[in-house]
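Only one structure is covered here, and it is reproduced in the block below.
The values are calculated or read from the model by the stated rules, or taken from the named source; none is laboratory data. A quick note: this is a predicted structure, and the numbers were derived from the prediction, not measured. Note that each Cβ is placed from the backbone with ideal geometry, even for glycine, and that neighbours are counted across all protein chains shown. Heavy atoms of the whole protein, side chains included, go into the accessibility calculation; ligands, DNA and RNA do not. Shrake-Rupley method; radii C 1.70, N 1.55, O 1.52, S 1.80 Å.
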Amino acid sequence: MFVFDAAIDWLAHGLLAASWWQIVLYTLVTTHITIASVTIYLHRHQAHRAMDLHAIPSHFFRFWLWLGTGQVTKEWVSIHRKHHAKCETIEDPHSPQAHGIKKVFWEGAELYRAESKNKETMVKYGHGTPNDWLERNLYTRYSWQGVGLMMIIDLALFGVAGLAVWAVQMAWIPVTAAGIINGIGHYWGYRNFEAPDASTNISPWGIMIGGEELHNNHHTYPTSAKFSVKPYEFDIGWIYIRALERVGLASVKKVPPKLQLGSIQPVADEKTLEALIAHRYEVMAGFARELRRAGRAEVELLRAKKADISVLRVANRWLHRDDDKVPATARTQIAQARAEHPVLDKMVTMREELRQMWLSTNASREQLAADLQAWCHRAEESGISALREFSMKLRAARA
């Protein structure tokens, strides 16, 4: 009878007899450690080599991921590297642009498991991942025994309620990483930069998913250990990395580059060109700000005249975007807005001319420098103050 009562008590309360808020807190803390392990160890350290990790945190993250996800490092790294190499194509393991947002959001984990069986992907993209005794004989060989051990721990601590805790822990990465980041992060959100893919920043505050919310920033600078680039953006994963670095447990290799401005040169030269190409995403983001500002000014002029602003408001959402990123439904409004607003039309035209300099593969450095000089001359003679000021800023750029 005593044993039976003890068993019932354990099932009801577990070893800790924790209150509901303590169970919730434990769940949130453990899932956050899992997120930190993914973003710091798997993503920034292993997949992109943006940082080095000391053996202590590296082994801790590997062990925790074995417990919390059953994740095999080589599989995650290989699939993620292939995602970057084949982004938004049918070969991308989890692009909503190729497979559909519903498929990626709801079945992202299944897409991952299917790609993990692709031996070619593992061989081509899995180089440099751990291959020590622990990896071969425990983490990879018995990958799902770890999550079984986590279930036993949860049951021991909280009784039957531990099953609910374990279910949340097991669903956390499939929902947040496979669903939200791989799905929504290539479908909806805001963009700081015109990266060549459809990546978006889901939120400027990267807390819940460890900073992975800043996905457009990451795709723009994939080898950066820091994902935030704007003053209002927050990357909690970067905070943890800096803390590890301060105590000698991590070493950052790269962060997002920052365009340096010196004195305004008489003409744009090859050094100017070198700086602009190296910082092309930041340069184009700056031009986009000027274009949006000019668009708002045109809206205010129409509003003062009590004219219809609906067409221009739609066009302003897309004028600063690359042509292949503009939806077909907005093209009519854009064409009408450009025809009716010469300032915007000129700025859009010159934006594309500037962008083509980064894309040119046949022109020599001398020719590109001459093209840049000609672009600056036209901008400063256009009579448009935004273009003139932007051109002067370009002439001040240095690598």
Legend entry - Every pair of residues 6+ apart whose Cβ atoms lie under 7 Å, when the first sits in region 235-250 and is part of a helix (DSSP H, G or I) while the second is hydrophobic (A, V, I, L, M, F, W, C) and surrounded by fewer than 16 Cβ atoms within 10 Å (Cβ to Cβ): 236/207
Legend entry - region 185-211 - residue that is in contact with a helix residue (DSSP H, G or I) (Cβ under 9 Å, 6 or more places away or on another chain) and of a type in the set (S, T, N, Q) and, of those, nearest to residue 91 (Cα to Cα): 199
Inset, instruction - Scan (1) under 19 Å from residue 38 (Cβ atoms); (2) in contact (Cβ under 8 Å) with a residue 40 or more places away in the chain; (3) in a helix (DSSP H, G or I); (4) not aromatic (Phe, Trp, Tyr) for the single condition residue 94 breaks and write down its number. - result: (3)
Inset, instruction - Look at residue 375 and say whether it is touching a residue at least 12 places away in the same chain (Cβ under 8 Å), surrounded by 15 or more Cβ atoms within 10 Å (Cβ to Cβ) and farther than 29 Å from residue 262 by Cα. - result: no
Inset, instruction - Determine, yes or no, whether residue 230 is closer than 30 Å to residue 42 by Cα, touching a residue at least 12 places away in the same chain (Cβ under 8 Å), over 13 Å from the mean Cα position of the chain (by Cα) and open to solvent by 60 Å² or more (accessible area, probe 1.4 Å). - result: no
Legend entry - Failed condition for residue 78, given (1) more than 16 Å from residue 177 (Cα to Cα); (2) assigned to a helix (DSSP H, G or I); (3) among the polar types (S, T, N, Q): (1)
Inset, instruction - Looking only at region 59-71, decide whether some residue is farther than 26 Å from residue 163 by Cα and assigned to a helix (DSSP H, G or I). - result: yes
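Those residues that are polar (S, T, N, Q) and open to solvent by less than 40 Å² (accessible area, probe 1.4 Å), I need them from region 307-340; list them, please. I'd like the intermediate steps shown before the answer.
To start, the set of residues in region 307-340 that are polar (S, T, N, Q) comprises 310, 316, 329, 332-333, 336.
Across region 307-340, the qualifying residue is only 316.
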Inset, instruction - Just name the residue that is farthest from residue 215 (Cα to Cα) out of those in region 6-55 that are crowded, with 19+ Cβ neighbours inside 10 Å and among the hydroxyl-bearing types (Ser, Thr, Tyr). - result: 27
Legend entry - Qualifying positions in region 264-306 - within 26 Å of the chain's Cα centre (by Cα), surrounded by fewer than 18 Cβ atoms within 10 Å (Cβ to Cβ) and small (Gly, Ala, Ser): 278, 286
Legend entry - Failed item in (1) in a helix (DSSP H, G or I); (2) out of contact with any strand residue (DSSP E or B) (no Cβ under 7 Å at 6 or more places or on another chain); (3) surrounded by 16 or more Cβ atoms within 10 Å (Cβ to Cβ), with residue 193 passing the rest: (1)
Legend entry - Scope region 328-381; condition more than 25 Å from residue 279 (Cα to Cα) and hydroxyl-bearing (Ser, Thr, Tyr); matching residues: 329, 332
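Residues checked against (1) over 20 Å from the mean Cα position of the chain (by Cα); (2) open to solvent by 60 Å² or more (accessible area, probe 1.4 Å):
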| residue | (1), (2) |
| --- | --- |
| 108 | no, no |
| 122 | yes, no |
| 127 | yes, yes |
| 130 | yes, no |
| 152 | yes, yes |
| 166 | yes, yes |
| 186 | no, no |
